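Remarks on the structure that follows.
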Amino acid sequence: MREFNAEIDEDLYNYLDFLERTRFIKNKNDALHKALLLFKKLSMHDWLPDIYRIGENRVIIMDRGMLLDLFESLSEVEIYRAGSTTALKRKVLKPEFRDINLTHKGNWPLVLNELQNLGWGNFERIEDEIKIESAAVPSAYLRGYLETMFKVHLEEHHTNIDDLVIFRVTSQKRDTWL
């Protein structure tokens with residue numbers, strides 16, 4: 001590790017001090033280290049005023065309510081189709097997915113990790129189930145997306161826990177358009 005000194009304004013110092021006192025962070029150095037790793041991971045050095053990018057992706061920061069307003073104007077079938085269309089385009093346009101057999105469950109974490117890294121929620125595959133916590137989009141959209149990516153039929157298992165969606169694989173999908 002190398003050491004360097006940085007000057008920060010009083011307000012930012014007080015904020016870091018507060019985070020340290022409340023044990024939200026270990027110490028100020030640890031917080032700065034994590035912030036810089038995030039800065040690097042998100043390619044923040046490539047951000048222009050009002051334009052945020054992560055690699056070839058454009059980042060749009062919007063209130064969750066605004067996003068849900070968009071989906072509320074669509075029927076559940078339209079939301080499902082939008083998710084399915086997104087998956088079809090993703091398969092064609094993402095070169096790293098072209099040669100991977102996504103019908104093989106062992107390859108599903110590639111897609112699920114990408115969605116998680118892009119902020120769609122927390123994804124975990126457990127045998128024939130996909131557990132999604134804190135999803136950014138409605139379950140119909142996710143079902144359309146995942147069914148199309150993995151060529152399976154998914155059934156949503158309803159729980160009493162807010163922000164938890166569980167999909168169970170019911171069968172393989174034939175090669176048809178929806």
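Cβ separations smaller than 9 Å between residues 6+ apart or across chains give the following pairs from segment 41-64 residues that are modelled with pLDDT of 75 or more to residues that are outside any helix (DSSP H, G or I) and basic (Lys, Arg): 51/58; 52/58; 59/53.
Report whether or not residue 91 is touching a residue at least 40 places away in the same chain (Cβ under 8 Å) and closer than 26 Å to residue 41 by Cα. Please lay out each step first, then the result.
Details: touching a residue at least 40 places away in the same chain (Cβ under 8 Å): yes; closer than 26 Å to residue 41 by Cα: yes.
Yes; evaluated as a whole, the condition is true for this residue.
The single residue among 146, 142 that is of a type in the set (A, V, I, L, M, F, W, C) and in contact with a Phe, Trp or Tyr (Cβ under 7 Å, 6 or more places away or on another chain) turns out to be 146.
Taken over segment 8-31, residues that are surrounded by 13 or more Cβ atoms within 10 Å (Cβ to Cβ) and touching a helix residue (DSSP H, G or I) at 6+ places or on another chain (Cβ under 8 Å) amount to 6. Residue 84 satisfies every condition listed in (1) within 19 Å of the chain's Cα centre (by Cα); (2) outside the structural domain of residue 114 (by TED's automatic domain parsing); (3) of a type outside the set (A, V, I, L, M, F, W, C) except (2). Exactly one residue out of 56, 3 is more than 28 Å from the chain's Cα centre (by Cα) and exposed (fewer than 13 other Cβ atoms within 10 Å of the Cβ): that is 3. Those residues that are in contact (Cβ under 8 Å) with a residue 60 or more places away in the chain and of a type outside the set (Ser, Thr, Tyr), I need them from segment 147-168; list them, please. 147, 149, listed by residue number. Selection of segment 157-177 for residues being in a strand (DSSP E or B) and exposed (fewer than 14 other Cβ atoms within 10 Å of the Cβ) yields 157, 170, 171, 172. Of all the listed residues (106, 83), the sole one being modelled with pLDDT of 95 or more and within 29 Å of residue 127 (Cβ to Cβ) is 83.
Mind listing just one residue for me: the one in segment 106-128 that is in contact (Cβ under 8 Å) with a residue 24 or more places away in the chain and surrounded by fewer than 14 Cβ atoms within 10 Å (Cβ to Cβ) and, of those, nearest to residue 145 (Cα to Cα)? Top of the filtered list is 118.
The values are calculated or read from the model by the stated rules, or taken from the named source; none is laboratory data. As the structure is a computational prediction, the values presented were derived from the model and not from experiment. Note: ideal-geometry Cβ built from the backbone for every residue, glycine included; neighbour counts use all protein chains shown.
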